[in-house]
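Novice: Got a structure for you, questions after.
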Amino acid sequence: MFAALAAARAGARVVLLDKNVVGRGGASIMAQMTCAAALGAAEPDSPELHLKDTIGAGRGLCNEDLSALLCEGSPQRIRELEGWKVNWARQENGKINQVKAPGHGRKRCVYVDFLSTGAAICAALRNKVSRHSNIRRLSNVTLTDVVTHHGESVGAVGFDVATSMPVLIKASAVILALGGMTKVFRRTTSPNNLAGEGIGIALRAGARLIDMEFLQFYPNGHLAPRMVGLDPTTWEPTRVKLGGRLVNGDGEEFLHKYGEAQEGGYSTARDTLTYAIYKEVEAGRGSPHGGVYLSFRHLDESALAAALGPVIDIFKRNNIDLTRQAVEVSPIAHYQMGGVEVTTSMETSVPGLYAAGELAGGANGANRLSGNALPEALVFGERAGEQAAQFTSRKRIPEWEQAVAEEQIEPIRGTRGRNAGRGPSPALLMSELKELMWRKAGPFRTAGDLADALERIRTMREYGLQAAAVSAESIHNTTLVEWFELRSGLYAAEALALSALNRPESRGAHQRSDFPQTRAECEINQRVWLESGKLVSNFATKAEQTARAARA
Ligand SMILES: Cc1cc2nc3c(=O)[nH]c(=O)nc-3n(C[C@H](O)[C@H](O)[C@H](O)COP(=O)(O)OP(=O)(O)OC[C@H]3O[C@@H](n4cnc5c(N)ncnc54)[C@H](O)[C@@H]3O)c2cc1C
């Protein structure tokens, strides 16, 4: 939505499409609390300090130009949203309130309230988007491919979910902001529609990916008891805010054994927390459901009620009494650090094709700081929109015959009704992929597991997709939507497994049990692209990286 607004205010005519209702799908609306911006409202701060923390967390692999763009651009976007009626929480002196989140050296994170920061941002953006006469919204249209002609992006193809009819859009620039890929893991914090389609679409259009092996696992994802009405991400802000204690199955606090656990571990970055929890479980010191305990039992009811407000009622409705019981938590797939490689103009390696938000890789390196993803979506969205509008102002809307897009349209027509009533459903194959990725390419990896995963994913991509049963129904054909999710999800999963197999070390969110050390010679980025239908990967040396940056 920010990309659409920025392009529209720069004079471009914009079509904004989403396979859900525009502005109501995806992770942004679910984001709970933290949004990092060096406003300096709670204590002295600067974009330079924010950048230093971001690069530190990225374990040597950040594209520092992108990280700088994120940290420098965030305060402006927060102020702009304030003008659009996002009601940032305030201190008593009337200034915006800022809190410290893990890995940040300063009180830097703004929020609306404990649970609905993302919803408030999305509401403001929906309002702006709906009032801009240059923006045409298309809800419930699934994007399936970008159309390229002579190596340039000239439009996009998808289908209307309500009728299964193909939709063709001629456009002199295309911005992909399709979010992450965590649907391909069994346990995920994200909504069900984020299957890495942006990765598959970008690859097929000829774009390069970067750092795909780095996928963040949220350390304290809810595990047990059953909890309805709150996201699995509830516990991290609660833990930090109230001083919750992480305890293993033997009743012992354990974070101090894993290095960076000062201040009770409340400043420990996510990769280290995930590592610590996993290692406790692996050593046989886990909780009954295979995680660890998070305990608030040292707090009394009035302290909890004062800090949690109405959230305490939701816990009560779930029969969770935090004064008497600890909950079980364990890592859960949350966010992809890698993604489509972009320049600081958000342009991919295909002219006219841009990527923004979580889909764009590089700004967070091997590990993302809490609160850096929302500003990334806002800042990179704004930049992509503005740059794409500049690009289009130099060009005419491309004229092309439908035949140019035939290769992209054919799968839409050809897949509906294929093997109907026979063969496995796309949903069944997706659940196999989710289990495979969870077991073989999760927080801890080995060469053997990754090779197994890669082999099975390639088989699924080559044969499974063709064998899948897709209903012939034209009205709201969910199996058709799921087939396209699976098609791109398999590309995303393969790119991740291939990159993880090729990185012989442990760094940030990529942990190899067979290579437990971080290796100085591996402080280089890895790229993946599609060549004659096959994914290939390549590490750039430092010298090549510097030369590429100089050329850019
Ligand atoms: C539960 C949860 C809590 C979080 N909390 C925080 C937080 O407190 N702070 C923070 O900084 N970050 C947080 N994050 C991360 C952050 O929300 C995301 O990284 C960020 O919002 C991504 O924004 P985006 O615009 O790139 O993608 P999204 O907001 O995910 O939007 C992607 C959009 O693309 C659409 N789409 C996908 N595929 C297709 C297709 N084929 N065709 C058409 N449309 C498609 C989707 O429907 C969706 O609307 C959280 C994430 C989750 C899941």
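Novice: Sorted from largest to smallest, which semi-axis lengths in Å does the alpha carbon gyration tensor of segment 219-331 give for its equivalent ellipsoid, taking the root of 5 times each eigenvalue? Before the final figure, lay out each step's value.
Specialist: Values: eigenvalues 100, 47, 30 Å².
Over the Cα atoms of segment 219-331, the semi-axes work out to 22, 15, 12 Å.
Novice: Of all the accessible heavy-atom surface of segment 219-331, with the other protein chains kept in place and a 1.4 Å probe, what percent is carbon and sulfur?
Specialist: Details: 2390 of 5040 Å².
Answer for segment 219-331: carbon and sulfur cover 47 percent of the accessible area.
Novice: OK, next. Along the Cα→Cβ direction, 7 angstrom out, place labels at L168 and Q402. What is the inter-label distance in nm?
Specialist: 0.6
Novice: Follow-up question, since we're still on this one. At a threshold of 8 angstrom on Cα-Cα distance, excluding pairs fewer than six apart, so keeping six or more, what relative contact order does segment 403-551 reach in percent? Each step should come with its number before you reach the end.
Specialist: Working: 168 pairs, mean separation 35.5, N = 149.
Relative contact order here is 24 percent.
Novice: What GluC sites (Glu not before Pro) in segment 52-148 are in a loop by DSSP, with at most 11 other Cβ atoms within 10 Å of the Cβ? Walk me through the numbers on the way to the answer.
Specialist: Working: sites: E64, E72, E80, E82, E92; in loops: E92.
Counting only loop positions with at most 11 other Cβ atoms within 10 Å, the GluC sites (Glu not before Pro) in segment 52-148 are E92.
Novice: Below 8 Å, C-alpha to C-alpha, sequence gap of six or more: please give me the relative contact order for segment 219-331 in percent.
Specialist: Details: 172 pairs, mean separation 41.9, N = 113.
So the answer I get is 37 percent.
Novice: A further question on this structure: In terms of Cα to Cα distance under 19 Å, which lysines are near enough to K183, apart from those fewer than 8 places away along the same chain?
Specialist: Leaving aside lysines fewer than 8 places away in the same chain, those within reach of K183 are K19, K434, K440.
Novice: Just by accessible area at a 1.4 angstrom probe, what is the order of Y266, Y275, Y463, Y218 from largest to smallest?
Specialist: Numbers: Y266 50, Y275 80, Y463 145, Y218 10 Å².
Order by accessible area, largest first: Y463, Y275, Y266, Y218.
Novice: Related question: Per-residue accessible area for E386 at 1.4 Å probe radius, Å² rounded to 10?
Specialist: Rounded to the nearest 10, the figure is 60 Å².
Novice: Any idea of the accessible area per residue across the chain, 1.4 Å probe, to the nearest Å²?
Specialist: On the way: 21940 Å² over 552 residues.
Spelled out: the 1.4 Å probe surface of the chain, per residue, equals 40 Å².
Novice: Find how many whole Å separate the alpha carbon centroid of segment 191-206 from the alpha carbon centroid of segment 341-367.
Specialist: Computed from Cα coordinates, the inter-centre distance equals 13 Å.
Novice: Out of all DSSP beta bridges in the chain, what portion is antiparallel? Express it as a percent rounded to 5. Before the final figure, lay out each step's value.
Specialist: Working: 44 of 57 bridges.
DSSP beta bridges in the chain are roughly 75 percent antiparallel.
Novice: Using only Cα atoms, tell me the angle between helix 64-83 and the longest principal axis of the chain; keep it within 0 to 90° and round to the nearest 10.
Specialist: 80
Novice: Would you kindly find the accessible area of I524, with a 1.4 Å probe and non-protein molecules such as ligands, DNA and RNA excluded, rounding to the nearest 10 Å²?
Specialist: Spelled out: I524, probe radius 1.4 Å, area about 30 Å².
Novice: Could you give the size of the charge dipole of the chain about its Cα centre, using +1 on the Cβ of each K and R and -1 on the Cβ of each D and E, expressed in debye and rounded to the nearest 20? List each step's numbers first, then the result.
Specialist: On the way: 64 positive and 60 negative charges, 171 e Å.
For the chain, the charge dipole is close to 820 debye.
Novice: With unit charges on the beta carbons (Lys and Arg positive, Asp and Glu negative) and the dipole taken about the Cα centre of the chain, which residue among M346, P166, L176 sits farthest to the positive side?
Specialist: So the residue furthest toward the plus end is P166.
Novice: While we're looking at this one, here's another question. May I ask you to order 282-293, 185-196, 390-401, 25-36 by the average number of other C-beta atoms within 10 Å around their residues, highest value first?
Specialist: Most protected by this proxy first, the peptides run 25-36, 185-196, 282-293, 390-401.
Novice: Determine the relative contact order of the chain: mean sequence separation of Cα pairs under 8 Å and six or more apart, normalised by residue count, in whole percent.
Specialist: On the way: 1223 pairs, mean separation 117.3, N = 552.
RCO, the chain: 21 percent.
Novice: Now a separate question. Going by a ≥ b ≥ c, the root eigenvalues of the Cα gyration tensor, does segment 155-268 fall in the rounded group (a/c under 1.5), the prolate group (a/b larger than b/c) or the oblate group? Intermediate values should be presented prior to the final figure.
Specialist: On the way: a/c = 3.45, a/b = 2.23, b/c = 1.55.
Prolate.
Novice: I need the phi-derived Karplus couplings for segment 515-524: 6.51 cos²θ - 1.76 cosθ + 1.60, θ = phi - 60°, integer Hz, Gly and Pro marked x.
Specialist: Each residue's phi maps through the Karplus curve to give 9, x, 8, 7, 10, 4, 5, 9, 7, 9 Hz.
Novice: Principal axes first, then extents: for the Cα atoms of segment 270-378, list largest minus smallest coordinate on each axis, whole Å, largest first.
Specialist: That gives 59, 37, 19 Å along the principal axes, largest extent first.
Novice: A further question follows. Under the classification rounded if a/c is under 1.5, otherwise prolate if a/b is larger than b/c and oblate if not, where does segment 403-551 fall, given a ≥ b ≥ c as square roots of the Cα gyration tensor eigenvalues?
Specialist: Values: a/c = 3.28, a/b = 1.72, b/c = 1.91.
The shape class here is oblate.
Novice: Quick query: amide H of S506 versus all other amide H atoms, modeled in the peptide plane; which residues come in under 5 Å with a sequence gap of 5 or more or a different chain?
Specialist: Long-range HN contacts for S506: R512, Q517, T518, R519.
Novice: Quick one: 3J(HN,Hα) in Hz for segment 271-287, Karplus 6.51/-1.76/1.60 with θ = phi - 60°, rounded, Gly and Pro as x.
Specialist: After applying 6.51 cos²θ - 1.76 cosθ + 1.60, I find 5, 5, 4, 4, 4, 4, 5, 4, 5, 5, 5, 4, 7, x, 10, x, 8 Hz.
Novice: Let me ask something else about it. Quantify, in whole percent, the carbon and sulfur part of the accessible surface of segment 403-551 (1.4 Å probe; protein heavy atoms only). Write out the running numbers ahead of the final one.
Specialist: Details: 3490 of 6670 Å².
Carbon and sulfur: 52 percent of the exposed surface of segment 403-551.
Novice: Quick check on segment 1-159: of the DSSP beta bridges with both residues there, what percent are antiparallel, nearest 5%? Don't skip to the end; give the middle numbers.
Specialist: Working: 11 of 16 bridges.
Percentage antiparallel, nearest 5: 70.
Novice: Related question: Under a no-solvent Debye model with one identical scatterer per Cα of the chain, what's log10 I(q)/I(0) at q = 0.12 Å⁻¹?
Specialist: -1.19
The values are calculated or read from the model by the stated rules, or taken from the named source; none is laboratory data. Predicted model, so just to flag it, every value in this text is computed and none were measured. Using ideal geometry, Cβ is built from the backbone for each residue, glycine included, and neighbour counts are taken over all protein chains shown. Note: accessible area is taken over every heavy atom of the protein model, side chains too, but ligands, DNA and RNA are not part of it. Shrake-Rupley method; radii C 1.70, N 1.55, O 1.52, S 1.80 Å.
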